[in-house]
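Have a look at the structure below before the remarks.
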Amino acid sequence: MENLINVDLSQIDGTYVITNPTLRNMHAEADAVQTFLEREVDINDIAMLPYRLNQMDAYLHRLSDMQSRAKAMKEYAKMTYMAQNEKALSKMTATNSNRIISAALYEFTVTADRMDALYTSLTHACRNISIQLSWIKKTMELGG
């Protein structure tokens, strides 16, 4: 059995290593959405909640588009990579060829996964604000 090389992975930080310009732009937009979601909101400022919900709705629509594009790009990249490397991949075991393909698709996988996660977070945040607004409306109707 060959000796494995001990690689120093301590320099890897939390940034996304993305070389594809389209994917890099998606991450920049995702960073803006993430920053927006991390901002604290005073739920006692009732006038701000509909405005925030409106902003979140716009982000949600944009994320939905980016999410589907990232997945489509990943599938296209996979088909292209497999077609261009069919001969070499066919000589490998399934496990090794899958590993090689996964490594080649790293940027696409990371982007698609990030868009999925951010879309889910934004959906939950929209639902939470909608619930808060409903509660406020009900309280006001009851004279509270």
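Residue-level analysis places Val41 among those that are closer than 30 Å to Lys137 by Cα, of a type in the set (A, V, I, L, M, F, W, C) and more than 16 Å from the chain's Cα centre (by Cα).
Which of the residues belonging to segment 45-65 are under 19 Å from Asp116 (Cβ atoms), in contact (Cβ under 8 Å) with a residue 60 or more places away in the chain and either open to solvent by 40 Å² or more (accessible area, probe 1.4 Å) or touching a Pro at 6+ places or on another chain (Cβ under 7 Å) (or both)? Answer for segment 45-65, where residues must be under 19 Å from Asp116 (Cβ atoms), in contact (Cβ under 8 Å) with a residue 60 or more places away in the chain and either open to solvent by 40 Å² or more (accessible area, probe 1.4 Å) or touching a Pro at 6+ places or on another chain (Cβ under 7 Å) (or both): Asp57, Tyr59.
Scanning segment 98-144 for residues that are in contact with a Ser or Thr (Cβ under 8 Å, 6 or more places away or on another chain) and open to solvent by less than 60 Å² (accessible area, probe 1.4 Å) returns Glu107, Thr109.
Annotation note: Cβ proximity below 8 Å between a residue of segment 13-25 that is modelled with pLDDT of 95 or more and a residue that is assigned to a helix (DSSP H, G or I) and aromatic (Phe, Trp, Tyr) (sequence gap 6+ or interchain) occurs for Asn20/Phe108; Leu23/Phe108.
Restricting segment 22-44 to residues that are open to solvent by 70 Å² or more (accessible area, probe 1.4 Å) and assigned to a loop (DSSP other than H, G, I, E, B) leaves a set whose member that is nearest to Glu107 (Cα to Cα) is Arg39. All conditions but one from (1) touching a Lys or Arg at 6+ places or on another chain (Cβ under 8 Å); (2) hydrophobic (A, V, I, L, M, F, W, C); (3) closer than 24 Å to Asn54 by Cα apply to Ala112; the one that does not is (3).
The values are calculated or read from the model by the stated rules, or taken from the named source; none is laboratory data. On a predicted model such as this, the values are computed, not experimentally measured, just so you know. Counting neighbours? That spans all protein chains shown, and the Cβs are built from the backbone with ideal geometry, glycine included. In case anyone asks, the SASA skips ligands and DNA or RNA and just uses the protein heavy atoms, side chains included. Shrake-Rupley method; radii C 1.70, N 1.55, O 1.52, S 1.80 Å.
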